[in-house]
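Laboratory data are not the source of any read-out in this text; all were calculated from the coordinates shown. Keep in mind that this is a model prediction, so the values were computed, not measured. Ideal geometry is used to build each Cβ from the backbone, glycine not excepted, and the neighbour counts take in all protein chains shown.
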Amino acid sequence: MNTPHTPSPGLSHAYRASLLWFPDHRSHQVHFESDGLLVTTVGEDGLSRISAMGPHALLHAAHADVPTTDWRGRWIAPGFVDMHIHYAQTDVIASPADGLLPWLNNYTFPQETRFADPVHAREVARFYFDELMRNGVTTALTFATAHTASVDALFEEAQRRQLRMIGGRVLQDRHSPEGLRDASAQQSLYETEQLIARWHGTDRLGYAITPRFAPTSSEAQLRGAGELAASHPSVWVQTHVAENADEIRWVAELFPQSRSYLGVYEDMGLLRQRSVYAHCLHLDADDRALMAERGATAAVCPTSNLFLDSGFFNFEQAQSHQLLHGLASDVGGGTSFSPFHTMHAAYTVARQSAGKNGHSLSAEHLWWLHTAGAALALDLGGVVGNLAVGCEADFVVLNPAATPLLARRTAAADSLQEQLFAMIVLGDDRLIDTVVVNGFKAPKSP
Ligand code: GUN
Ligand code: ZN
């Protein structure tokens, strides 16, 4: 296993290709330059950022002495951002179950207990990042497990690959099997603080306080997590909410004093900016309004929601409450690491959830929800998830002719929107030709 490059400050590189980006990262309006030039330069901090981009004809003279990779025929697009995924469920993917709770008990919890073993955790972390790279995902908010070793394995591997990644140790001190249940709330919170000190802000890594979901945490653990969240405002919070009918009934029994499932987290001090809530399927209008007011955001996991028959995210309601949201795979509940599969499923879900009038998400909107929009919902807008001067140099190189059917369909498309839509519906890891991380081509197994 070789160590990746050490970037030298001041070093520039240029790429000639088609370019796809969002001129304003807060808006899903996409822009396309068919013959573009994108230039990256390494800063004093060792991070490679986009230093110039635009039409090749306008930029090439000023960058004539910069080494240039010729990728004509390919598209450079922002690296995908996955707002919610469980690396320790890489081996749980494609396990059938009668809904969320049996799936957790029969497949997920037994697999996650294995992550007490650092050797196992490291092996899975390597495979997991290979898979993210293969699919063009350059930033993800990741659950580890209730073991410090699982977090160290995740971050060590992400650090070696120079990735911008966020993750955290799962907190679960009740209703969990031996081997996954925290010995005490106090111990789990102490370990979380240690991990924050070790990893948050180290290179491109960020920490997320990670209560699994309300049913598997005592009130003391949730309150302690809320206190930690208050004393570390730049740290993220991630958990699950309002995914499944049986789960919601259980939460109402366990926390009868709270207004709603989301209200439990509100009562414990866990609703704030940089709090990311997976699923958000069965929220009411007050919940949505409260999330938006607090700056908390939703990670929408359509392949998981379809697979576990959990329900449909209501994109229209989220938009009308200005609840920021983006897309996520939720592997292993989710059925694919591929952002194309997730965007396709999001399209289907939006059609299903909108009632009799129908609601179609456009191709550019779907793409934004998995790149710049997801970055915005992670409070990383303008940092990753887009191509723009100043953005970190994480991007994918797409081959719109990667398969015979893609080649035929994208060539026949009449507009950019049609081309993007064809890629969303027909695409998978074959569409991702190359991934560039921190300005360098990311090998599958560095
Ligand atoms: N709720 C609590 N834990 C999980 C999990 O691992 N996956 C999903 N989809 N929902 C959860
Ligand atoms: Zn999840």
* Structure fact -> Long-range alpha-carbon pairs in region 300-416, meaning those over 19 Å apart, account in percent for 54
* Asked: How much length is gained on full extension from Ala401 to Val425, taking 0.36 nm per residue of separation minus their Cα-Cα distance?
  -> 7.2 nm
* Fluctuation leader among Arg164, Arg351, Arg198 - the chain, Gaussian network, Cα springs under 10 angstrom -> Arg198
* To do: Could you check which residue among Ala77, Ala292, Ala64 shows the biggest mean-square fluctuation in a GNM of the chain with a 10 Å Cα cutoff?
  => Ala64
* With the Cα gyration tensor of region 141-190 in hand, convert its eigenvalues to equivalent ellipsoid semi-axes via √(5λ) and list them largest first in whole Å. => 24, 9, 9
* So for region 74-173, what percent of the C-alpha to C-alpha distances run longer than 22 Å? -> 30
* region 227-293: proportion of alpha-carbon pairs further apart than 13 angstrom, % -> 63
* Roughly speaking, what is the stretch gain from Ser231 to Ser360, that is 0.36 nm per residue apart minus the C-alpha to C-alpha distance, in nm to one decimal? -> 42.3 nm
* Structure fact -> Length gained, His60-Gln187, 0.36 nm per residue minus C-alpha separation, equals 40.0 nm
* **Highest average packing first - 199-208, 271-280, 24-33, Cβ atoms within 10 Å** => 271-280, 199-208, 24-33
* Asked: Sequence-distant or interchain residues sharing an amide H contact under 5 Å with Val237, placed H: which?
  -> Ile209, Ser275, Val276
* Asked: From the backbone phi of region 368-384, what are the Karplus-calculated ³J(HN,Hα) couplings (6.51 cos²θ - 1.76 cosθ + 1.60, θ = phi - 60°) in whole Hz, Gly and Pro given as x?
  -> 4, 4, 10, 10, 4, x, 5, 4, 4, 5, 9, 6, 10, x, x, 9, 9
* To do: Over the residues of region 118-229, compute the C-alpha Rg and express it relative to 2.2 N^0.38 Å.
  => 1.05
* Degrees between helix 185-199 axis and first principal axis of the chain (Cα, 0 to 90, nearest 10) -> 20
* Assuming R0 = 35 Å, can you tell me the calculated FRET efficiency for the pair Thr69 and Glu123, based on Cβ-Cβ distance, to the nearest 0.05? => 0.60
* Burial ranking of peptide ranges 379-388, 400-409, 282-291 (average Cβ count within 10 Å, highest at the top) -> 379-388, 282-291, 400-409
* **Largest-first principal axis extents, alpha carbons of the chain, Å** => 66, 52, 37
* What nm distance separates the two modelled labels at Glu178 and Ser8, each placed 7 Å from Cα along Cα→Cβ? -> 5.8
